[in-house]
Amino acid sequence: MQLPISILPGDARMEYTAEAMAKKGGIICSSWSEIPASGYVICGIPFTKDGKMVNTSMPDSISIRSFLGMLTSSHIIIGGNLPKGVISYCTYHGIKYYDVMSSASFVAQNARLTAEGLLIPLLSKTSFSICDCRVLLTGYGNCGREIADILQLFTNEIYIYDTDPSAVKTARSNHFKTVCEKELRDRNHRIHQVNTIINTSPVNPFHNQIWESFPDRCMIFNIGSFSLKLPFPLSDRVIDCPGIPGKYAPKTAGNIIAKQICSHFKL
């Protein structure tokens with residue numbers, strides 16, 4: 001017997017996820033009371049934006065603690081970037097869970113959508129073409145690699161910064177220029193001629209002294225899930241770009257989510 005599939009509303013991705021899973025019985029919930037006593041509960045990606053509240057557009061938002069209190073061992077919770085506290089709670093109370101971000105194929109597809117979508121703010125928020133971009137890319141993980149691969153179709157002026165030696169080695173093997181902290185401290189280095197900085201790091205990659213060494217006209221695009229606090233005047237040049245797949249390719253992103261869930265649970 002097919003278990004009920006409840007989908008929490010969120011950005012447009014979740015609407016398309018529900019559309020793709022309709023034939024499997026997937027239904028978008030309009031209130032918390034609509035969640036059945038058992039079955040799958042598909043949450044947002046990420047599961048939470050602030051570590052306190054569930055990421056949903058439900059009219060009456062609730063805390064993570066309250067949400068977990070609604071679940072039983074008859075539920076299966078699905079989301080993206082599930083916090084350690086949620087995983088610990090589910091494990092202790094016998095609630096099954098699945099984090100779609102644990103799938104390498106899903107992460108790769110999501111990173112590709114992020115890289116493609118980033119081109120839109122790059123074009124709309126700057127006064128120059130991508131061909132004229134001189135880029136410092138902080139972080140060479142899944143998203144960083146995809147962004148670099150797309151940008152190199154337009155410009156050769158791409159510098160990679162990462163604190164992970166293996167990531168730096170991979171970037172070099174892919175023929176990208178890399179910079180280290182020592183070079184960033186050298187104000188005569190070419191890196192200080194960049195006009196675009198793209199941050200994919202989950203934390204602020206530099207302290208203020210390094211940030212202040214970049215040109216005031218530099219544009220900073222932050223795709224991390226946190227707000228990048230920078231010294232003035234760069235603080236006025238930060239463009240936050242969270243949730244790019246849901247903003248610029250929601251149908252594709254929703255279909256990818258649905259496909260990943262159906263594949264994992266063999267629905």
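For the set Lys24/Lys266; Lys84/Lys229; Lys52/Lys84, the pairs lying more than 18 angstrom apart at their alpha carbons are Lys84/Lys229. The loop-placed GluC sites (Glu not before Pro) in the stretch 155-238, going by DSSP, include none that has at most 12 neighbouring Cβ atoms within 10 Å of its Cβ. With helices defined as uninterrupted DSSP H runs, which ones in the chain have an alpha carbon span along their own long axis of at least 15 Å and mean Kyte-Doolittle hydropathy of at least 0.0? Counting only whole DSSP H runs, the qualifying helices are 104-124, 250-265. Taking each residue as 0.36 nm, the span from Asp149 to Met53 lengthens on full extension beyond its C-alpha to C-alpha distance by 31.1 nm. Evaluate the stretch 118-267: find the radius of gyration of its Cα atoms, find its Kirkwood radius, and give the ratio Rg to Rh. Rg/Rh: 1.00. Among Lys251, Lys23, Lys96, the residue with the largest mean-square fluctuation in a Gaussian network model of the chain, with springs joining Cα atoms closer than 10 Å, is Lys23. Its relative contact order, with pairs defined as Cα atoms under 8 Å and 6+ residues apart, puts the stretch 122-180 at 31 percent. Between Asp132, Asp99, Asp60, the Gaussian network model of the chain with springs among Cα atoms under 10 angstrom shows the greatest mean-square fluctuation at Asp60. The trypsin sites (Lys or Arg not before Pro) of the stretch 156-226 meeting both criteria, a DSSP state outside H, G, I, E and B (loop) and at most 13 other C-beta atoms within 10 angstrom of the site's C-beta, are Arg187, Arg217. Relative contact order, whole percent, for the stretch 152-219 stands at 25, derived from Cα pairs under 8 Å and 6 or more residues apart. When the alpha carbon gyration tensor of the chain is reduced to an equivalent ellipsoid, its three semi-axes come out at 39, 18, 17 angstrom, largest first. Residue separation of Ser129 and Gln209 scaled by 0.36 nm, minus their Cα-Cα distance, works out to 25.9 nm of gained length.
Laboratory data are not the source of any read-out in this text; all were calculated from the coordinates shown. Being a predicted model, the structure only gives us computed values, none of them experimental. Positions of Cβ are generated from backbone atoms using ideal geometry, with glycine treated the same way; all protein chains shown enter the neighbour counts.
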